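**Q** Starting off with a structure, shown below.
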Amino acid sequence: MRAARSRLSALLRSADQPTEAQLQRFEQFLTRTYQRKVPLKWEFDESLQDGFRLQVGSDVYDWTLDGRVRQFQDYLWQLQPGHNDIVPLIRQAVEQWEPAPAPEEIGEVLTVDGDIATVGGLTHAQYGEILVFASGVKGMVQDLRPDGLSCILFGDGEEICAGSMVRRTLKTAGMPVGEGYLGRVVDALGVPVDGKGSIEPEGYRPMEAPAPGILDRQPVNTPMETGLLAIDSMFPIGRGQRELIIGDRQTGKTAIALDTILNQKGKDVVCIYVAIGQKTSSVAQLAENLARRGAMEYTTIVTAPAGASAALQYIAPYAGCALGEYFMYQGRDVLIVYDDLSKHAIAYRALSLLLERSPGREAFPGDVFYLHSRLLERSAHLSDELGGGSMTALPIVETQAGDVSAYIPTNIISITDGQIFLESDLFFSGQRPAVNVGLSVSRVGGDAQTRAMKSAAGAIRLELAQYREMEVFTQFSSDLDDATKRQLSYGQGLMRLLRQPQYAPLSQHQQVITLAAAMDHVMQDVPLNRMDEFRTGLLAALEEEAPDLCARIDQTGRFSQDDRAEVLTLARQYLARFQGGGKQEG
C-alpha cells in the first residue's frame, strides 16, 4: 500500500488546456487532499467539452456537467424527504447545494461476453455491488480478481462496448418493497410488467440477506393448509416450513402451488409466486386464473421469463424472497413459491461457466448447493420478539424420468423439510394430484396439523400403503377371498377419494368430514364411478343439516368423539338416501 502511494500520480483530462493558474490550484488541491506532492499531467479529451475530470489512482473527481448533476442527485437521495415536504426540501437543497470535490471511483470495460462484463480500475468494488455503465445498463459484481472484476448484466450487453466508463454506486443489489406490490406482476428488479402503471415503493431490502438464527425462530406448529386432501391429511405443511414439490414435467406441480395460493383467500396470508424461465404467455394465463378467482388481491408474481437474461433468472428468487421478508418482518404470514429451481440452477450454471469458474458434476459449479441453501434457509417462523411472522417456501424441482437421485433434486431434498413427489404413472391414470404416498414425506408431520385433521386422518397412510402392497401382490393371483377383495375395494375407494379437481381446494371441515366417513368404511359400498358424486352430496348435506358442527371445526380446529359420532350418523343416513336413489334410477 505504501509503495502504491509512492507511485501516485494525477491525470487531468479536458477539451481545453488549463491555464497556469488553474494548474496551480489543482496542485494545491492534490497536496491538501493526499498530504504530499502529486505529479500532475494534462491530457486532451474531446468528449469533455463541459468541464474536466481528474483521476488520481482509482479516485476520480468529476467536474463535468454530468458529474455535478450526479452529485446533486446523490445529495437529494440522502435527504429522503416525505411525500408532503418534498417541494420545500428540494427548494432548500437547490439554494444551499454547492459542488464538492468528492472522489468517485470509475472503471473501464475490458471485455463484454453475453451477460458478463469484465471491468478494470475498480479496486474497491465489493461483491454484490451494483455498477452503472455509460449506456445506463446496470450490473452486479459477481467475481473479484486481482486484475479486475466480472459482473453480470441486468440489461442488453450489446449496448456496452470495451473502453466505456463504469461507475460504482456503493449500493448492493436490492428489491423495492411495499404494499403496492400486492396484486401486481413485476420483473426481477421490481419493475411492473403488467401495464398497470408504476408502483410507489415503501422501502428497499437487499436481495441477499442472512437467514434468521436459531434463537430468532420458533417451532413450526401452525398449519399452512393447501386445501388438497391428499397433502393436508398425510403430508401437512406448517407456516415457516420448506416443502419441496418434485416430479417430472407435466405432472401437476404448479397446479398444487396454485391451489395452495387459492386456499389462502381470507386467511391474511401474503402469497408470492416466482416464475423462473417460463413462457410469458404461461405467466399471463396464471395471473388471469388467480385474478378471476380473487387471489391476485393478496398475491405478487415475480417473473423472469425464458426470454430474460440468465442474470435476471438468477436473481429472481432472491428478489421474491426479499419482498417476502418485508412482510414477514412486519409480523405477517407469507407463502412463496419458486417455480422452478431446476431452471434457476441452469441459469446459474450458464453464468458460472461464462465467469470461467471450474465446472463440477453435470457442469454445475461447486457452490450450487449454497445457491439454494442460502435462499431456502431464509424461510422461517420468527420468534414473538421479532413479530411472529412466517415465510413458508414451496420450491418446485423438475426430475427426468422420476430420477430423484439426480444432482439438483438431491441437493434441494437435503435442504428442505420434506417433499411431495408426483408420479407420472399416477397422473396419467387419472389420480390427480398424483402424490406418491411412499416417496412423499413431511418432516414436520403432525405438529403442523390441527387436532381435528389429526383425529380424522388416523392411519390413512398405513391403510394406503397396505393397499398398494396388496395390489401388487394380487396382480399374480386370480382367485381372491372375500376379505382380500373387500380390502382392495376399500383401498381403491380411498385412492378415488383423494382425487381432486384443480382450482377446488377444500376447507378444513370438508376434509375432516370426508376423512372421518372414509376411515369408518361408510363409503365402502359406493361404486368408484359415483364416488365424486357421493362426496359432493355428503358435504352439501352436512353443511345444510349441521352448520354449527362445520363452523366449529373450522374455528376451533377440534373434532371431538361426539362430533365424530354426529358426522357418522348423518353420513350413514345420507348413504341410505344415496343408495336408495341409485336403485330407483336403475
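**Q** Could you please find all residues in region 388-422 being more than 30 Å from residue 331 (Cα to Cα), part of a loop (DSSP other than H, G, I, E, B) and touching a strand residue (DSSP E or B) at 6+ places or on another chain (Cβ under 7 Å)? I'd like the intermediate steps shown before the answer.
**A** If we filter region 388-422 for residues that are more than 30 Å from residue 331 (Cα to Cα), which is where we start, we get 398-411, 421-422.
Now restrict to residues that are part of a loop (DSSP other than H, G, I, E, B): 399-406.
Result: 399, 404.
**Q** Can you work out which of the residues in region 470-502 that are polar (S, T, N, Q), more than 18 Å from residue 429 (Cβ to Cβ) and without any contact (Cβ under 8 Å) to a residue 12 or more places away in the chain is surrounded by the most Cβ atoms within 10 Å (Cβ to Cβ)?
**A** Top of the filtered list is 477.
**Q** Kindly indicate which of 215, 258 is part of a helix (DSSP H, G or I) and more than 24 Å from residue 425 (Cβ to Cβ).
**A** Working: 258 fails: more than 24 Å from residue 425 (Cβ to Cβ).
That would be 215, the only listed residue that is part of a helix (DSSP H, G or I) and more than 24 Å from residue 425 (Cβ to Cβ).
**Q** Can you pull out every residue in region 259-282 that is open to solvent by 10 Å² or more (accessible area, probe 1.4 Å) and under 16 Å from the mean Cα position of the chain (by Cα)?
**A** Matches in region 259-282: 277, 278.
**Q** Can you tell me how many residues within region 115-128 are open to solvent by 50 Å² or more (accessible area, probe 1.4 Å) and over 22 Å from residue 207 (Cα atoms)? Talk me through it step by step, then tell me what you get.
**A** Applying the first criterion (open to solvent by 50 Å² or more (accessible area, probe 1.4 Å)) to region 115-128 yields 123-124, 126-127.
Subset that is over 22 Å from residue 207 (Cα atoms): 123.
Count: 1.
**Q** Continuing with the same structure: Before we move on, is residue 177 closer than 24 Å to residue 375 by Cβ and among the β-branched types (Val, Ile, Thr)?
**A** Taking the combined requirement at face value, the residue satisfies it.
**Q** OK, next. When region 569-581 is examined, which residues are found to be surrounded by fewer than 16 Cβ atoms within 10 Å (Cβ to Cβ) and of a type in the set (A, V, I, L, M, F, W, C)?
**A** 576
**Q** If you don't mind, another one. Any residue at all in region 506-515 that is without any contact (Cβ under 8 Å) to a residue 60 or more places away in the chain, closer than 26 Å to residue 220 by Cα and part of a loop (DSSP other than H, G, I, E, B)?
**A** No; the residues of region 506-515 include none that is without any contact (Cβ under 8 Å) to a residue 60 or more places away in the chain, closer than 26 Å to residue 220 by Cα and part of a loop (DSSP other than H, G, I, E, B).
**Q** Now for a separate question. Please work out if residue 338 is among the aromatic types (Phe, Trp, Tyr), assigned to a strand (DSSP E or B) and touching a helix residue (DSSP H, G or I) at 6+ places or on another chain (Cβ under 9 Å). Walk me through it before giving the result.
**A** Working: among the aromatic types (Phe, Trp, Tyr): yes; assigned to a strand (DSSP E or B): yes; touching a helix residue (DSSP H, G or I) at 6+ places or on another chain (Cβ under 9 Å): yes.
So residue 338 passes the test.
**Q** Okay, moving on. Being part of a helix (DSSP H, G or I) and surrounded by fewer than 19 Cβ atoms within 10 Å (Cβ to Cβ) narrows it down to one of 446, 430, 438, so name that one.
**A** Answer to the check: 446.
**Q** Still on this structure, please answer the following. Go through the residues of region 289-299 one by one and say whether even a single one is small (Gly, Ala, Ser), open to solvent by 10 Å² or more (accessible area, probe 1.4 Å), assigned to a helix (DSSP H, G or I) and out of contact with any His (no Cβ under 7 Å at 6 or more places or on another chain). Step through it out loud before you land on a result.
**A** Initial filter on region 289-299 (small (Gly, Ala, Ser)): 291, 294-295.
Narrowing further to those that are open to solvent by 10 Å² or more (accessible area, probe 1.4 Å): 291, 294.
From the residues that got through so far, the ones that are assigned to a helix (DSSP H, G or I) too are 291.
This time we only want the ones that are out of contact with any His (no Cβ under 7 Å at 6 or more places or on another chain), so: 291.
Looking for residues that are small (Gly, Ala, Ser), open to solvent by 10 Å² or more (accessible area, probe 1.4 Å), assigned to a helix (DSSP H, G or I) and out of contact with any His (no Cβ under 7 Å at 6 or more places or on another chain), one finds at least one in region 289-299, hence yes.
**Q** Hey, can you tell me all the residues within region 449-466 that are open to solvent by 80 Å² or more (accessible area, probe 1.4 Å) and in contact (Cβ under 8 Å) with a residue 60 or more places away in the chain?
**A** Matches in region 449-466: 451, 461.
**Q** Would you confirm whether or not region 526-538 contains a residue that is of a type in the set (Lys, Arg), open to solvent by less than 40 Å² (accessible area, probe 1.4 Å) and outside any loop (DSSP other than H, G, I, E, B)? Walk me through it before giving the result.
**A** To start, the set of residues in region 526-538 that are of a type in the set (Lys, Arg) comprises 530, 535.
Right, trim to open to solvent by less than 40 Å² (accessible area, probe 1.4 Å) and you get 535.
Restricting the remaining residues to those that are outside any loop (DSSP other than H, G, I, E, B) gives 535.
Checked against the condition, which is being of a type in the set (Lys, Arg), open to solvent by less than 40 Å² (accessible area, probe 1.4 Å) and outside any loop (DSSP other than H, G, I, E, B), region 526-538 yields at least one hit.
**Q** Where residues in region 358-378 are in contact (Cβ under 8 Å) with a residue 12 or more places away in the chain and in contact with a Pro (Cβ under 9 Å, 6 or more places away or on another chain), which of them is nearest to residue 330 (Cα to Cα)?
**A** Checked region 358-378; the qualifying residue nearest to residue 330 (Cα to Cα) is 378.
**Q** It is to be established whether one or more residues within region 196-207 are at positive phi, part of a loop (DSSP other than H, G, I, E, B), modelled with pLDDT under 95 and surrounded by fewer than 21 Cβ atoms within 10 Å (Cβ to Cβ).
**A** yes
**Q** Looking at this structure, is residue 553 touching a residue at least 24 places away in the same chain (Cβ under 8 Å), closer than 17 Å to residue 459 by Cα and crowded, with 16+ Cβ neighbours inside 10 Å?
**A** So residue 553 does not fit the description; no.
**Q** Looking at region 332-364, which of its residues are among the hydrophobic types (A, V, I, L, M, F, W, C), open to solvent by 10 Å² or more (accessible area, probe 1.4 Å) and within 14 Å of residue 309 (Cα to Cα)?
**A** Once the filter is applied, which keeps residues that are among the hydrophobic types (A, V, I, L, M, F, W, C), open to solvent by 10 Å² or more (accessible area, probe 1.4 Å) and within 14 Å of residue 309 (Cα to Cα), region 332-364 yields 346, 350, 354.
**Q** Under 23 Å from the mean Cα position of the chain (by Cα), in a loop (DSSP other than H, G, I, E, B) and closer than 26 Å to residue 330 by Cα - does that describe any residue in region 150-172?
**A** No, because not a single residue in region 150-172 is under 23 Å from the mean Cα position of the chain (by Cα), in a loop (DSSP other than H, G, I, E, B) and closer than 26 Å to residue 330 by Cα.
**Q** Just checking, how many residues over region 129-141 are open to solvent by less than 10 Å² (accessible area, probe 1.4 Å) and within 14 Å of residue 315 (Cβ to Cβ)?
**A** Residues of region 129-141 open to solvent by less than 10 Å² (accessible area, probe 1.4 Å): 129, 131, 133, 139, 141.
Restricting the remaining residues to those that are within 14 Å of residue 315 (Cβ to Cβ) gives 129, 139, 141.
Qualifying residue count, region 129-141: 3.
**Q** So the check is Cβ under 9 Å with 6+ separation or different chains; which pairs have a first residue in region 176-191 that's aromatic (Phe, Trp, Tyr) and a second one that's part of a loop (DSSP other than H, G, I, E, B)?
**A** Matching pairs, first to second residue: 181/190; 181/199; 181/201.
**Q** Suppose the filter is modelled with pLDDT of 85 or more, outside any strand (DSSP E or B) and open to solvent by 50 Å² or more (accessible area, probe 1.4 Å); does residue 83 pass it?
**A** Taking the combined requirement at face value, the residue does not satisfy it.
**Q** If you take the residues of region 365-382 that are open to solvent by less than 10 Å² (accessible area, probe 1.4 Å) and small (Gly, Ala, Ser), which of them is farthest from residue 310 (Cα to Cα)?
**A** Among those residues, the one meeting the criterion is 380.
**Q** I would also like to ask the following. For residues in region 383-403 being buried (at least 21 other Cβ atoms within 10 Å of the Cβ) and of a type in the set (A, V, I, L, M), which is farthest from residue 115 (Cα to Cα)?
**A** 391
**Q** May I pose another question? Considering only region 404-416, state which residues are open to solvent by 20 Å² or more (accessible area, probe 1.4 Å) and among the hydroxyl-bearing types (Ser, Thr, Tyr).
**A** 405, 407, 410, 414 - these are the residues of region 404-416 that are open to solvent by 20 Å² or more (accessible area, probe 1.4 Å) and among the hydroxyl-bearing types (Ser, Thr, Tyr).
**Q** Within region 417-427, track down each residue that is closer than 10 Å to residue 245 by Cβ and open to solvent by less than 20 Å² (accessible area, probe 1.4 Å).
**A** Passing the criteria: 420, 421, 422.
**Q** While we're here: Provide a single number: the residues in region 329-357 that are within 22 Å of residue 148 (Cβ to Cβ) and in contact with a strand residue (DSSP E or B) (Cβ under 7 Å, 6 or more places away or on another chain).
**A** So the count comes out to 6.
**Q** Name the residues in region 142-159 that are over 17 Å from residue 129 (Cβ atoms) and open to solvent by less than 80 Å² (accessible area, probe 1.4 Å), would you?
**A** Scanning region 142-159 gives 156, 157.
The values are calculated or read from the model by the stated rules, or taken from the named source; none is laboratory data. Owing to the predicted nature of the structure, the values given are computational and were not obtained by experimental measurement. Note: ideal-geometry Cβ built from the backbone for every residue, glycine included; neighbour counts use all protein chains shown. We work out accessible area using only protein heavy atoms, side chains counted, and drop any ligands, DNA or RNA first. Shrake-Rupley method; radii C 1.70, N 1.55, O 1.52, S 1.80 Å.
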